[in-house]
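Report on the following structure.
The values are calculated or read from the model by the stated rules, or taken from the named source; none is laboratory data. As the structure is a prediction and not an experimental result, all values here were calculated from the model. Note that we place each Cβ from the backbone using ideal geometry, even for glycine, and neighbour counts take in every protein chain shown.
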Amino acid sequence: MEPVPASIQRALRRAAGGETIDVDDAIALLGADGEQFDELLAIAGGVRDAGLREAGRPGVVTYSRKVFIPLTRLCQDRCHYCTFATVPHRLPSAYLELDEVLEIARQGAAQGCKEALFTLGDRPEARWPAARQWLDERGYESTLDYVRACAVAVLTETGLLPHLNPGVMTFDELQWLKPVSPSMGMMLETTATRLWSEKGGPHYGSPDKEPAVRLRVLDDAGRAGVPFTTGILIGIGENIAERADSLFAIRRTAQEYGHIQEVIIQNFRAKPDTAMRGMPDAELRELAATVAVARILMGPRARIQAPPNLIDQEFPLLLRAGIDDWGGVSPVTPDHVNPERPWPQIDNLRELSARSGFELRERLTIYPEYVRRADEGWLDPHLSAHVTALSGPDGLALEISPDPRPWRALLPVSGQATVYGDH
Ligand SMILES: O=c1nc2n(C[C@H](O)[C@H](O)[C@H](O)CO)c3cc(O)ccc3cc-2c(=O)[nH]1
Ligand SMILES: C[C@H]1O[C@@H](n2cnc3c(N)ncnc32)[C@H](O)[C@@H]1O
Ligand code: SF4
């Protein structure tokens with residue numbers, strides 16, 4: 001059912017007064033149009049502005065200077081929108097070799113990048129013999145075992161900070177990866193189970209996209225005290241009630257554990273070689289409305305991100321809607337998930353942000369609040385020196401290039417999935 005103007009007006013009044021928004025209000029707000037749309041954005045922008053003042057950086061929008069490391073493009077899943085996942089015979093090798101990973105990270109270091117984003121297919125060894133064999137030949141037990149080794153090498157040889165985005169992880173895996181990665185992430189995508197269980201749905205055939213599984217990962221990341229990035233992907237066939245429900249699910253885990261360091265609102269972009277090539281791209285006005293509702297629901301302290309390479313020229317619109325972060329931007333590597341969409345030049349992003357009245361500042365992969373609260377358990381002691389070397393007094397990034405810095409296991413090794421286990 002389409003929300004009617006009267007229910008939208010009521011929801012706007014509640015939002016403007018700082019009252020609690022329920023699911024019906026959120027659904028109504030997602031349907032705002034015309035003047036009500038402008039009002040929605042103005043309220044959300046105000047919430048963001050208050051939050052930035054509270055955080056001590058009024059008018060600042062952040063980004064992370066990063067390299068993208070596509071460690072493996074093999075995946076056990078089959079998301080219908082994904083062009084990243086492929087088959088072994090289209091690849092020179094199942095995984096990037098360690099020296100290839102380091103080469104990308106070194107190029108990043110030379111350009112002042114501080115984040116090494118590891119994005120990869122989920123547990124490919126469960127589906128592809130070529131992946132299992134590659135790992136066996138080199139003595140790795142699993143893809144995540146290899147991810148950990150790569151993260152240690154990147155820390156040691158370049159000083160870049162790994163951000164791990166390898167899909168579904170168990171609680172033990174999260175704990176075991178925490179000493180090599182100051183932050184991790186996994187998009188919730190959506191809570192709409194029908195998009196996973198029904199034949200023809202975008203997540204049909206992707207065991208890692210079952211909403212219950214992904215919600216469990218978000219909670220486990222909270223229990224493990226990992227500063228965590230998550231978000232939703234809009235325009236993959238979900239309706240606005242499902243979109244609202246997904247945002248409430250993120251808010252629930254964020255409130256329970258306090259670990260959600262940023263929420264990405266990402267818009268679907270159709271790719272020619274995928275099952276969903278005929279679907280229309282998500283509308284950017286819908287993206288803006290979703291950002292605004294996410295901002296109002298999550299509150300002033302939340303960090304809300306929209307990727308700058310997926311929004312055409314709508315920078316002012318997304319800033320108006322309440323984002324305070326542009327996510328990872330690379331002067332070195334493409335966005336391998338959206339390879340047809342180049343990053344804006346960072347100087348250009350600075351100029352575009354300034355035109356809307358925002359100062360662009362570089363952040364680390366771990367957000368300032370979690371750097372500040374490191375000794376409450378948000379940052380593993382193995383990473384203190386690496387993070388301290390790159391962060392300024394405000395917890396944002398120093399504009400320097402990272403240097404190699406040794407990473408050492410601090411406690412004796414007692415097997416694989418232990419908190420301080422080396423490998
Ligand atoms: O270049 C990309 N970076 C993606 N990033 C990385 C992001 O751009 C930044 O590196 C993080 O904001 C670092 O905090 C993700 C990180 C996650 O934890 C979860 C999902 C994504 C999705 C993308 C993506 O599609 N493309
Ligand atoms: C890394 C993240 O990228 C997103 N992702 C995957 N494919 C697409 C696409 N075609 N358009 C936009 N985002 C996409 C998913 O949300 C995934 O979790
Ligand atoms: S989106 Fe991630 S899980 Fe889905 S097919 Fe692509 S790589 Fe695999």
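At a glance:
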{"quantity": "Residue match in the range 289-308 (condition: more than 22 Å from ASP49 (Cα to Cα) and not in a strand (DSSP E or B))", "calculated": "no"}
{"quantity": "Any hit, the range 224-242, residues being of a type in the set (S, T, N, Q), within 15 Å of ligand 1 (Cβ to nearest atom) and at pLDDT 95 or above", "calculated": "yes"}
{"quantity": "Members of the range 334-376 found to be part of a loop (DSSP other than H, G, I, E, B), in contact (Cβ under 8 Å) with a residue 40 or more places away in the chain and within 11 Å of ligand 1 (Cβ to nearest atom), listed by number", "calculated": "PRO334, ASP335, HIS336, VAL337, ASN338, PRO339, ARG341, LEU364, THR365, ILE366, TYR367"}
{"quantity": "Search result, residues across the range 169-192 that are away from ligand 2 (no atom under 16 Å from the Cβ) and among the acidic types (Asp, Glu)", "calculated": "ASP172, GLU173"}
{"quantity": "Wholly enclosed helices (runs of 4 or more DSSP H) of the range 169-268 bearing at least 3 residues in contact with a strand residue (DSSP E or B) (Cβ under 9 Å, 6 or more places away or on another chain)", "calculated": "211-223, 240-257"}
{"quantity": "Counted residues, the range 109-120 - those being among the small types (Gly, Ala, Ser) and within 12 Å of ligand 1 (Cβ to nearest atom)", "calculated": "1"}
{"quantity": "Residue under evaluation ARG65, criteria (1) basic (Lys, Arg); (2) more than 16 Å from ligand 2 (Cβ to nearest atom); (3) surrounded by fewer than 22 Cβ atoms within 10 Å (Cβ to Cβ), criterion not met", "calculated": "(3)"}
{"quantity": "The listed residue being away from ligand 1 (no atom under 12 Å from the Cβ) and either closer than 28 Å to GLY235 by Cα or touching a residue at least 60 places away in the same chain (Cβ under 8 Å) (or both), out of HIS80, HIS89", "calculated": "HIS80"}
{"quantity": "Filter result for the condition that a residue is touching a strand residue (DSSP E or B) at 6+ places or on another chain (Cβ under 8 Å), more than 16 Å from ligand 2 (Cβ to nearest atom) and over 15 Å from ALA131 (Cα atoms), over LEU41, LEU102, LEU96, LEU52", "calculated": "LEU52"}
{"quantity": "Residue within the range 318-333 that is within 16 Å of ligand 3 (Cβ to nearest atom) and in contact (Cβ under 8 Å) with a residue 12 or more places away in the chain present", "calculated": "no"}
{"quantity": "Candidates ASP403, ASP312 - the one that is in contact (Cβ under 8 Å) with a residue 60 or more places away in the chain and in a loop (DSSP other than H, G, I, E, B)", "calculated": "ASP403"}
{"quantity": "Candidates ARG320, ARG301, ARG350, ARG355, filtered to the one that is under 18 Å from the mean Cα position of the chain (by Cα), over 28 Å from VAL101 (Cβ atoms) and of a type outside the set (S, T, N, Q)", "calculated": "ARG301"}
{"quantity": "Subset tally (residues that are within 11 Å of the chain's Cα centre (by Cα) and of a type in the set (Asp, Glu)) for the range 226-243", "calculated": "0"}
{"quantity": "Residue among GLY112, GLY108 that alone is part of a helix (DSSP H, G or I) and in contact (Cβ under 8 Å) with a residue 12 or more places away in the chain", "calculated": "GLY108"}
{"quantity": "Filter result (more than 16 Å from ligand 2 (Cβ to nearest atom) and touching an Asp or Glu at 6+ places or on another chain (Cβ under 6 Å)) within the range 105-131", "calculated": "ALA131"}
{"quantity": "One residue from ALA153, ALA149 being of a type in the set (A, V, I, L, M, F, W, C), farther than 24 Å from THR230 by Cβ, in contact (Cβ under 8 Å) with a residue 60 or more places away in the chain and not in a loop (DSSP other than H, G, I, E, B)", "calculated": "ALA149"}
{"quantity": "Only listed residue being at pLDDT 95 or above, away from ligand 1 (no atom under 16 Å from the Cβ) and small (Gly, Ala, Ser), chosen from ALA105, ALA130, ALA151", "calculated": "ALA130"}
